[in-house]
Amino acid sequence: MNNWMTALLLSLAMPLMAAEPVWIDVSSPEEYAREHLADAIHIPHTRIAQGVTARYPDKTTPLKLYDRDDHRAQQAWEALQTLGYQQVSDTGGLDELKTRGFATLQADSLPELIQTAPLSLEHTSYTETPPLH
């Protein structure tokens, strides 16, 4: 097979390869700080449109949403669908995910340095993990 044909076939196959899903915890900063999936990022449901479009402009990025009660994940799912994101899943609540074997990080399992960080009101970001106070 010619090199150009191989290159063409590979370039056509790339979109078919599944990207790793991004796990997004859409709960409150306090709930996220208490416990969240080990691989999850935090974007509160009230900031989901801004947070996701800033970090993941590719609307084919697989996004898996969860929260504590499933209500906020559903709201976030609807917002992302409206924005045209094509691979968004509402995976339910954290407790359900834990029963399915997903690992979590809890406040008491985080490094002591983070737990004893001084309170700072200078910087508050709702698109990144909030500091523990």
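The values are calculated or read from the model by the stated rules, or taken from the named source; none is laboratory data. Remember, predicted model here, so these are calculated numbers, not experimental data. All Cβ positions, even for glycine, are placed from backbone atoms using ideal geometry, and neighbour counts span all protein chains on display.
Apart from one condition, Gly92 fits all of (1) at pLDDT below 95; (2) within 21 Å of Tyr66 (Cβ to Cβ); (3) assigned to a loop (DSSP other than H, G, I, E, B); the exception is (3). Here's a check for you: in the range 15-57, which residue that is within 16 Å of Leu94 (Cβ to Cβ) and among the acidic types (Asp, Glu) is surrounded by the most Cβ atoms within 10 Å (Cβ to Cβ)? Here the residue is Asp25. Screening Gln81, Gln86 for residues that are outside any strand (DSSP E or B), of a type outside the set (A, V, I, L, M) and within 22 Å of Ser28 (Cα to Cα) leaves exactly one candidate, Gln81. Reported count of residues in the range 46-68, each being more than 21 Å from Arg34 (Cα to Cα) and basic (Lys, Arg), is 2. Within the range 48-75, residues that are in contact (Cβ under 8 Å) with a residue 60 or more places away in the chain and on the phi < 0 side of the Ramachandran plot have Cβ atoms under 7 Å from residues that are crowded, with 17+ Cβ neighbours inside 10 Å and hydrophobic (A, V, I, L, M, F, W, C) in these pairs: Gly51/Ile43, counting only partners at least 6 apart in sequence or on another chain.
Every residue, every condition in (1) of a type in the set (Phe, Trp, Tyr); (2) modelled with pLDDT under 85; (3) at negative phi, yes or no:
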site: Trp77; (1), (2), (3): yes, no, yes
site: Gln86; (1), (2), (3): no, no, yes
site: Thr104; (1), (2), (3): no, no, yes
site: Leu110; (1), (2), (3): no, yes, yes
site: Pro118; (1), (2), (3): no, yes, yes
site: Tyr126; (1), (2), (3): yes, yes, yes
site: Thr129; (1), (2), (3): no, yes, yes
site: His133; (1), (2), (3): no, yes, yes
